[in-house]
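See structure below.
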Amino acid sequence: MNEFPCLRNQPALSNLKGVLIALIFAIAVCAIYGQVIDHEFVNFDDHGYVTHNPHVIKGLTVEGLLWAWGFANDLYWHPMTWLSHMLDVDIFGMNAAGHLLMNMILHLLNTFVLFALLMKMTGSLYRSALVAALFAVHPLNVESVAWVAARKNLLSTFFWLLTIRLYLVYCRRSTLYAYLLVLCVFLLGLMTKPMLITLPFVLLLLDFWPLSRFRFGESRIKNGQTDFNRVGFLTLVVEKIPLLLLSVISVFISVTSVKGSTVSFDTVPLLLRLCNAVWSYLHYLFKFIWPVNLAVYYPYPSEIPLWQTAGAGLIVAAMTLAVIRMSVRRPYLIVGWFWYLGTLVPVSGILQVGLWPAMADRWAYIPLIGVYIICVWGSADLVSNWPRRRAVPTVLAAIIICFFTVTAWSQTRHWRDSIALFKRAVTVTGANPVALNNLGNTYLGRGQVEEAIAQFSAAIELNPRYARALNNQGVALARKGDPNAAVDYYRRALRVIPTYAEAHNNLGAALRVQGRYAAAIVHYTKAIQLKPNYAAAHYNLALAFIHSGRPQLAVDHLRNALEINPNNTAAAETLEAALRLVRSRKLVAL
């Protein structure tokens, strides 16, 4: 069976076909995602990554570069991602359309690179094109493109694919320079998103197929358009060790950088995480086949029955055994399947940070490439003996691609603004406190306080220990003019998370309104201890000092607030007033 049809006999024709196929990809991707020019930033990480981030909104600055490469962000260490957002601000300002169009361009670029990469490795034009087409239009990838904060997913995938492409150069030339290029680009990928830690294992899979670098004799194999040397298995493992070391370092840095934001096992028990991880492997496959009812956030269920987990585990194990048995004649099966299983491990949820969902569409962006390969190459083998082995598969493929394209276009519409996005999530998932909380935040941002209170109340009813919703309900009640009720909700939030800096700051604000300046100062100070670069807390603490008759103590905190956010005109005006008060008191003392 010829797995790698050679195209060198007709290079001009194949190149023309490749260009036409790439043009079709561009049309399809633009048709799906061109609508983002009318979309807004959404109230789900976009604020933290761009719109409310004082370092990012300044664009590329020396201060911003130092911050991006630092380790005090309470987020995964991914300086390349920060630099990407800063560059967008320099180019597009705070226009969401520009940021989203850049996402679309990156997705299209990833599609082109994937197509070219598969062509280079296998020599199969149409199979490579179909895999790339599935990647381009699949609805599960909408989240990665239509969400500004998902930039790290797109950019890291580009580095992932580019690393593989450079690895092909190394496999052909085996020079130190070629290997160093692989290491450098892989490092850039890890500095974009730590999920790329599994790439060394994927390269080992590619050594098996389609590169066929495993040595079972002393011969060389001609594969597609490039000759690759066969080497021993131990050599293949040893050459991955530097890449594995980078992965280990990335894991260490990632765990260290988010140690203050990890979700405890009291909040999400270990058994539930393990059960969900097993079940998710099947759930992603279901969504690959039938990608409807997609949502921005899938909440953890209260429990997953052990029988359901055991059943899912048995199915996955049975599929794995079947793949291994058939891998001798169909090696693409073992590569595609273990690509899928392995690349989902970093997002399995054993270690959780922040609002970690049960699963996420964006997490399937890289893993499903393995499934696409299985489906395309497997389908080609399945119909190889059919009397109409070209016409029928072509029609079926066209129908599937059209279905995915229309579904992806429809799913992209739900990302036009926060209201549409979170209403859709509530409709799809039902009891979803995170979606309700973010919907309430959106209403609050638009001044619709009563609507916000209703959403926060619904979220708290579903999860009485949801600290963010408790804190936000306090903010809404304070805006409504009920500081006493607000204080109660802030205290409830702090009983759940005593290190919740925002809740300490908000509680201080409510106490200050009540004239309880000493108590307010205690909570402002605590907020700053927990989050030293918290500009709002510095400013509020300064106000509390001024109102309590100690303007000299306010000066340093106002200067800190301005250093963190130089655009804070209120802090600048208050600093001038505080300095005048200090000077006048000195004159009186004289």
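The values are calculated or read from the model by the stated rules, or taken from the named source; none is laboratory data. In this text, all values refer to a predicted model and were calculated from it rather than measured experimentally. Here the Cβ is made from the backbone with ideal geometry for all residues, glycine too, and neighbour counts use every protein chain on show. SASA here: full protein model, heavy atoms, side chains in, ligands and nucleic acids out. Shrake-Rupley method; radii C 1.70, N 1.55, O 1.52, S 1.80 Å.
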>> Nearest 10 degrees is fine. How inclined is helix 551-564 to the longest principal axis of the chain, computing both from alpha carbons?
In response: 20
> For the chain, what % of the accessible area comes from carbon and sulfur atoms, probe 1.4 Å?
Replying inline: 64
>> For the chain, what does the relative contact order come out to in percent, with C-alpha contacts under 8 Å and a separation of six or more?
In response: 13
>> Through the Karplus equation 6.51 cos²θ - 1.76 cosθ + 1.60, θ set to phi - 60°, convert the phi angles of the range 308-313 into ³J(HN,Hα) values in whole Hz; use x for Gly and Pro.
In response: 5, 5, 4, x, 5, x
>> Can you list residues from other chains, or at least 5 along the same chain, whose modelled amide H is less than 5 Å from the amide H of Met359?
In response: Tyr298
>> I want to check the label-to-label distance for Ile289 and Ile399. Put each point 7 Å from Cα in the C-beta direction and report it in nm to one decimal.
In response: 1.6
> Cα axis of helix 433-445 to longest principal axis of the chain: angle in degrees, 0 to 90, nearest 10?
Replying inline: 50
>> Tell me which trypsin sites (Lys or Arg not before Pro) from the range 277-330 have a DSSP coil assignment and no more than 13 other beta carbons within 10 Å of their own.
In response: Arg329
> Using a Cα distance threshold of under 24 Å, what count of lysine pairs results for the chain when pairs must be 8 or more residues apart or interchain?
Replying inline: 19
>> So for the range 470-547, averaging the separation of alpha carbon pairs under 8 Å that are six or more residues apart and normalising by length, what relative contact order in percent results?
In response: 24
> Per-residue accessible area for Val475 at 1.4 Å probe radius, Å² rounded to 10?
Replying inline: 30
>> What number do you get for the range 388-457 when its Cα radius of gyration is normalised by 2.2 N^0.38 Å, N = residues?
In response: 1.72
> What is the set of long-range amide H partners of Gly59 at a cut-off below 5 Å, with H atoms built 1.01 Å from backbone N?
Replying inline: none
> So, counting K/R as plus one and D/E as minus one, what does the shell of residues with Cβ under 13 Å around Val323 add up to?
Replying inline: +3
> How large is ³J(HN,Hα), in whole Hz, for each residue of the range 462-476 in order, when computed from phi with the Karplus curve 6.51 cos²θ - 1.76 cosθ + 1.60 and θ = phi - 60°, using x for Gly and Pro?
Replying inline: 6, 9, x, 9, 7, 4, 5, 5, 4, 4, 5, 5, x, 4, 5
>> If you wrap a convex hull around the alpha carbons of the range 328-485, what volume per residue comes out, as a whole number of Å³?
In response: 130
> For the range 280-368, what number results from the quotient of the Cα radius of gyration and 2.2 N^0.38 Å?
Replying inline: 1.18
> What does the accessible area per residue of the chain come to in Å², with a 1.4 Å probe and no ligands, DNA or RNA counted?
Replying inline: 45
> So how exposed is Ile241, as accessible area in Å² (1.4 Å probe, rounded to 10)?
Replying inline: 80
>> Please give me the summed charge of the neighbours of His39: other residues whose Cβ is under 10 Å from its Cβ, Lys and Arg +1, Asp and Glu -1.
In response: -1
> Arg583 versus Asp38, label points 7 Å from Cα toward the beta carbon: distance in nm?
Replying inline: 5.5
> In the neighborhood of Ile105, defined by Cβ-to-Cβ distances under 13 Å, what is the net charge if each Lys or Arg adds +1 and each Asp or Glu adds -1?
Replying inline: 0
> What distance in nm separates the simple spin-label points at Asn15 and Ala485, each placed 7 Å from Cα in the Cβ direction?
Replying inline: 7.2
> Shape call for the range 468-582 from the C-alpha gyration tensor, a ≥ b ≥ c root eigenvalues: rounded (a/c under 1.5), prolate (a/b greater than b/c) or oblate?
Replying inline: prolate
> Computed FRET efficiency, Cβ-Cβ of Thr256 and Asn95, R0 41 Å: what is it to the nearest 0.05?
Replying inline: 0.70
>> Taking θ = phi - 60°, what integer Hz values does the Karplus form 6.51 cos²θ - 1.76 cosθ + 1.60 yield along the range 125-131, in sequence order, with x for Gly and Pro?
In response: 5, 6, 5, 4, 5, 5, 4
>> Order Met104, Met319 by their accessible area, 1.4 angstrom probe, all chains in place, largest first.
In response: Met319, Met104
> Could you give the angle, 0 to 90 degrees to the nearest 10, between helix 569-589's Cα long axis and the longest principal axis of the Cα atoms of the chain?
Replying inline: 30
